[in-house]
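Novice: What follows is a structure written as structure tokens; I'll ask about it next.
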Amino acid sequence: MRTFYALLAFGLFLAGCQSAADHSDNSHMKLQYPATATVDQVDDYFGTQIADPYRWLEVDTAQDVEAWVKEQNEVTFGYLEQIPYREAIRERYEELFNYPKLSSPFQAGDHYFFYKNDGLQNQSVIYVQEGLDGEPEVFIDPNALSKEGTVAINLIGISDDNRYVAYSRQDAGSDWQEIHVMEIATKQKLPDVLKWVKFSGASWWKDGFFYSRYPEPAKGSEYSGDNKYHSIYYHQLGTPQEQDKLIYRDNDNPNIYHFGGVTEDGRYFVMYKQPGTDGFATLYKDLEQNGDFVELFAGYSNKSAVVHNIGDHFLVRTDIGAPNYRLVEVDLKNPQKENWKEIIPENKNLLQGVSTGGGKMFASYLENATTRIYQMDYDGNNMKAIQLPGLGSAGGFGGKEEETVLFYSFSSFTYPNTIFKFDVETGESEQFYKAELKFDPQDFVEKQVFYKSKDGTEISMFIVYKKDLELNGQNPTYLYGYGGFNVNLTPFFSTSRIVLLENGGVFAMPNLRGGGEYGEEWHKAGMLLKKQNVFDDFIAAAEYLIDNKYTSSEKLAIAGGSNGGLLVGACMTQRPDLFAVALPAVGVMDMLRYHRFTVGKGWIPEYGCADSSDVDFRNLLAYSPLHNLKEGVEYPATMVTTADHDDRVVPAHSFKFAAQLQRSHAGDNPVIIRIETDAGHGAGKPTAKIIEEQADMWSFVFYNTDSPVRYMEQ
């Protein structure tokens, strides 16, 4: 079954600036921050009074907040403009980024679709061609829809007769989607437009499709209001959205997310009811009988997703009785657990996914956070390993039963994303597309090490650096982490990282608890009341890098986004002495109020809720970045990043944290906030904005670790 489920899985003036030429003496530009206004807001949590003096910054559309944003950006960009090699870094990164990038093709009848970016296009263009040897033609060019390149387009569903495709449009980085429909052969856009869609695909059935949406939000609260009543609708092609049929809404539980898809044979609609980013219930509806939804897996303690069906037998990947997951066959006539047939038993490695295509199954495992893939029959027999180019990350192998050619991608830290064509019958792979890059990946080393965290738990970490680098403790190092929501961090290629490596830097990425690299138990060991384990793991990674002479505290930068932004915020407040630079991006920084905005309540299964119990409140308060900043402490040089259209982790988190940090911080390290306009949580960000943001980040890192930049010597 080609299904989906969204994881909801977060006036200023420069004063006394020194000239760029003075930086060699390890001095810093001096910044003068304004006195950001405060309010007398105090909240009571189970008898404990908590002040929230920057509550007014939560109203991101208010004029005084917009003025604050403008002033903060003035000081931020005024600071960044003084860094002498900023433009040289931007030019080099643009050069590195400027190469064609292709997605894996996917089939719709006689047509193949793929995404391609020629190099510096703001958005990837969607192409279509007849057969694998046909001439590619532009199907949709998002760059033609916005002068600034802030419109993102994604194909989200092909009709069963391969005549129509539904696609989503997202503007300025918002999670809000509009769904449109286009006829494939003529490239004609139909009048159908569906609004207020979020966390949804388009699953076709007969002459329309199922999708998920919210009610229209109140004016002015589109990007910050609490989203409720996520519901499933059926849209019949050619009719206005007002006539769409409501398929499912839970009026008693308005915070539940609902999404799902139709099985490949068109018989069943499978629905997932998910209170947040962890477990979910699984239900199905027999579309032939137009029956009611039947609960197949109850409650929200586990995760059981339908991979495919053979008549009324479902193949289900589940963690029930298997923290590393297994695949079972469930007979809908006798769905009780004792009647399940085990197809792929649990083993020591994480079964991170199962896909189908060409009448075969493909099981994807993680072994020490690197991919292994096996092909097999639907009954689990005739298993054989797919030979990948090396240790790294691979994904794909999805298609319909009649397709004989599938595609997959492979990459690692030093192996750029490469597309392979796979013959289902012979099991042979053939390189389909490989990027031509402006550097030699063989110049770099990637390795995996293991270190012990505070409680003795062994943690794996990937480290990448240039082959001839001397490990003398003087190398600028970028320590990146996430550690949450069952998310797997596996090797991935990034041209941005080359800027660091070319300048004698080290990249490090640990597999922290809270992620899913080692199964559900690994995830649970870093969530709720055990969240501190994640921060301990990250701090221990920093200490390992210092102890083993990769870097020193004066050269070490930490970075992460969303839940990773929380990670950075928590670690820099707990160990401000350990890091030279902190880069919290779109972070969840106010752990007491995160659940009050947009989809934040969906993270309660991961974090807990300060309003629910004194235990949760005290646990969250203990590490909430905003609430653990202390007056008179010298914090690392910090650049907070966020965006004005982020309706996932609303920018108020970053606004309040930056304001409090500027007030609390002692010493000369800069504390700035870079607020992107017409951008969101990250997805769909235009290339131009990516290049500018990454250039600013590396400039900030090198400048505040007093590291030479070789581009200035050329």
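Novice: For the range 453-488, what are the residues that are out of contact with any helix residue (DSSP H, G or I) (no Cβ under 9 Å at 6 or more places or on another chain) and surrounded by 22 or more Cβ atoms within 10 Å (Cβ to Cβ)? Don't jump to the end; show me each part of the working.
Specialist: Kept after step one, since they are out of contact with any helix residue (DSSP H, G or I) (no Cβ under 9 Å at 6 or more places or on another chain), are these residues of the range 453-488: 456, 458, 460, 462, 470-472, 488.
Listed by number, the list holds a single entry, F462.
Novice: Any idea which residue in the range 308-342 is surrounded by the fewest Cβ atoms within 10 Å (Cβ to Cβ), counting only those that are closer than 24 Å to D278 by Cα and among the aliphatic types (A, V, I, L, M)?
Specialist: By that ranking, first place goes to I320.
Novice: Looking at this structure, is G602 more than 24 Å from G279 (Cα to Cα) and either part of a strand (DSSP E or B) or in contact with a strand residue (DSSP E or B) (Cβ under 7 Å, 6 or more places away or on another chain) (or both)? Quick ask: steps written out before the conclusion?
Specialist: Working: more than 24 Å from G279 (Cα to Cα): no; either part of a strand (DSSP E or B) or in contact with a strand residue (DSSP E or B) (Cβ under 7 Å, 6 or more places away or on another chain) (or both): yes.
Against the criterion (more than 24 Å from G279 (Cα to Cα) and either part of a strand (DSSP E or B) or in contact with a strand residue (DSSP E or B) (Cβ under 7 Å, 6 or more places away or on another chain) (or both)), G602 does not qualify.
Novice: Here's something else I'd like to know. Every residue in the range 454-478 that is among the small types (G, A, S) and under 16 Å from L489 (Cβ atoms), please. Please lay out each step first, then the result.
Specialist: So in the range 454-478, the residues among the small types (G, A, S) come out as 456, 460, 473.
Matches in the range 454-478: S460 only.
Novice: Something else: Let me confirm something: among T282, T277, which residue is among the β-branched types (V, I, T), in contact with a Gly (Cβ under 8 Å, 6 or more places away or on another chain) and either surrounded by fewer than 14 Cβ atoms within 10 Å (Cβ to Cβ) or over 28 Å from V138 (Cα atoms) (or both)? Steps first, please.
Specialist: Values: T282 fails: in contact with a Gly (Cβ under 8 Å, 6 or more places away or on another chain).
After applying the criteria, what remains is T277.
Novice: Among (1) touching a Phe, Trp or Tyr at 6+ places or on another chain (Cβ under 9 Å); (2) crowded, with 19+ Cβ neighbours inside 10 Å; (3) within 18 Å of H235 (Cα to Cα); (4) not basic (K, R), which single condition is V128 missing?
Specialist: In the conditions (1) touching a Phe, Trp or Tyr at 6+ places or on another chain (Cβ under 9 Å); (2) crowded, with 19+ Cβ neighbours inside 10 Å; (3) within 18 Å of H235 (Cα to Cα); (4) not basic (K, R), V128 misses (3) alone.
Novice: K524 versus (1) within 18 Å of K348 (Cα to Cα); (2) at pLDDT 95 or above; (3) surrounded by 19 or more Cβ atoms within 10 Å (Cβ to Cβ): which is the lone unmet condition?
Specialist: (3)
Novice: Which one of the conditions (1) touching a Ser or Thr at 6+ places or on another chain (Cβ under 7 Å); (2) assigned to a loop (DSSP other than H, G, I, E, B); (3) modelled with pLDDT of 95 or more; (4) surrounded by 22 or more Cβ atoms within 10 Å (Cβ to Cβ) does A610 fail to meet, given that it meets all the rest?
Specialist: Unmet condition: (1).
Novice: Hey, among the residues in the range 671-689 that are surrounded by fewer than 19 Cβ atoms within 10 Å (Cβ to Cβ) and among the hydrophobic types (A, V, I, L, M, F, W, C), which one's modelled with the lowest pLDDT?
Specialist: Within the range 671-689, the match that is modelled with the lowest pLDDT is A683.
Novice: Would you say Y115 is farther than 20 Å from E401 by Cβ, touching a Pro at 6+ places or on another chain (Cβ under 8 Å) and assigned to a strand (DSSP E or B)? Even if it seems obvious, please write down each step before you answer.
Specialist: Details: farther than 20 Å from E401 by Cβ: yes; touching a Pro at 6+ places or on another chain (Cβ under 8 Å): no; assigned to a strand (DSSP E or B): yes.
The answer is no for Y115.
Novice: Also, I was wondering about something else. Here are some residues: Y465, Y482, Y478. Which one is out of contact with any Ser or Thr (no Cβ under 6 Å at 6 or more places or on another chain), modelled with pLDDT of 95 or more and more than 26 Å from R92 (Cβ to Cβ)? Give the derivation first.
Specialist: Details: Y465 fails: more than 26 Å from R92 (Cβ to Cβ); Y478 fails: more than 26 Å from R92 (Cβ to Cβ).
Selected residue: Y482, the only one of Y465, Y482, Y478 that is out of contact with any Ser or Thr (no Cβ under 6 Å at 6 or more places or on another chain), modelled with pLDDT of 95 or more and more than 26 Å from R92 (Cβ to Cβ).
Novice: Also, quick follow-up: Can you pull out every residue in the range 183-220 that is part of a strand (DSSP E or B) and within 11 Å of G157 (Cα to Cα)?
Specialist: Of the range 183-220, the ones part of a strand (DSSP E or B) are 183, 188-197, 203-205, 208-213.
Listed by number, the residues that qualify are S203, W204, W205, G208, F209, F210, Y211.
Novice: If you don't mind, another one. Quick one: count up the residues across the range 8-35 that are at pLDDT 50 or above and in a loop (DSSP other than H, G, I, E, B). Explain how you work it out, then say what you get.
Specialist: Of all residues in the range 8-35, those at pLDDT 50 or above come to 28-35.
Now narrow it down to the ones that are in a loop (DSSP other than H, G, I, E, B): 28-30, 33-35.
Here the count works out to 6.
Novice: Just a yes or no: is a residue in the range 663-670 at positive phi and in contact with a strand residue (DSSP E or B) (Cβ under 9 Å, 6 or more places away or on another chain)?
Specialist: Of the range 663-670, the ones at positive phi are 667.
Then drop every residue that is not in contact with a strand residue (DSSP E or B) (Cβ under 9 Å, 6 or more places away or on another chain), which leaves 667.
Yes, the range 663-670 has at least one match.
Novice: Which strands (runs of 3 or more DSSP E) sit wholly inside the range 480-594 and have at least 1 residues that are farther than 26 Å from I675 by Cα and in contact with a strand residue (DSSP E or B) (Cβ under 6 Å, 6 or more places away or on another chain)?
Specialist: Values: elements: 506-510, 556-561, 581-585.
Here the list reads 506-510.
Novice: Restricting attention to the range 618-634, does a residue exist that is in a strand (DSSP E or B) and at pLDDT 95 or above? Write out each step before concluding.
Specialist: First pass over the range 618-634, keeping only residues in a strand (DSSP E or B): 633.
This time we only want the ones that are at pLDDT 95 or above, so: 633.
Checked against the condition, which is being in a strand (DSSP E or B) and at pLDDT 95 or above, the range 618-634 yields at least one hit.
Novice: Right, here's the next one. V294: over 22 Å from the mean Cα position of the chain (by Cα), β-branched (V, I, T) and surrounded by 21 or more Cβ atoms within 10 Å (Cβ to Cβ), yes or no? Write out each step before concluding.
Specialist: Working: over 22 Å from the mean Cα position of the chain (by Cα): yes; β-branched (V, I, T): yes; surrounded by 21 or more Cβ atoms within 10 Å (Cβ to Cβ): no.
The answer is no for V294.
Novice: Let me ask another. Could you check how many residues of the range 423-451 are at pLDDT 90 or above, exposed (fewer than 13 other Cβ atoms within 10 Å of the Cβ) and either closer than 21 Å to L545 by Cα or acidic (D, E) (or both)?
Specialist: 5
Novice: Could you list, in sequence order, all residues of the range 226-256 that are among the aliphatic types (A, V, I, L, M), surrounded by 14 or more Cβ atoms within 10 Å (Cβ to Cβ) and assigned to a strand (DSSP E or B)? Please lay out each step first, then the result.
Specialist: In the first step, residues of the range 226-256 are kept if they are among the aliphatic types (A, V, I, L, M); the result is 232, 237, 246-247, 256.
Next, from what is left, pick out any that are surrounded by 14 or more Cβ atoms within 10 Å (Cβ to Cβ): 232, 237, 247, 256.
Those that are among the aliphatic types (A, V, I, L, M), surrounded by 14 or more Cβ atoms within 10 Å (Cβ to Cβ) and assigned to a strand (DSSP E or B): I232, I247.
Novice: OK, next. Among the residues of the range 489-517, count how many are surrounded by 23 or more Cβ atoms within 10 Å (Cβ to Cβ) and of a type in the set (F, W, Y).
Specialist: Going through the range 489-517 one residue at a time, the tally reaches 0.
The values are calculated or read from the model by the stated rules, or taken from the named source; none is laboratory data. Every value quoted in this text rests on a predicted model; they were computed, and no experiment measured them. Backbone-built Cβ (ideal geometry, glycine too); neighbour counts: all protein chains shown.
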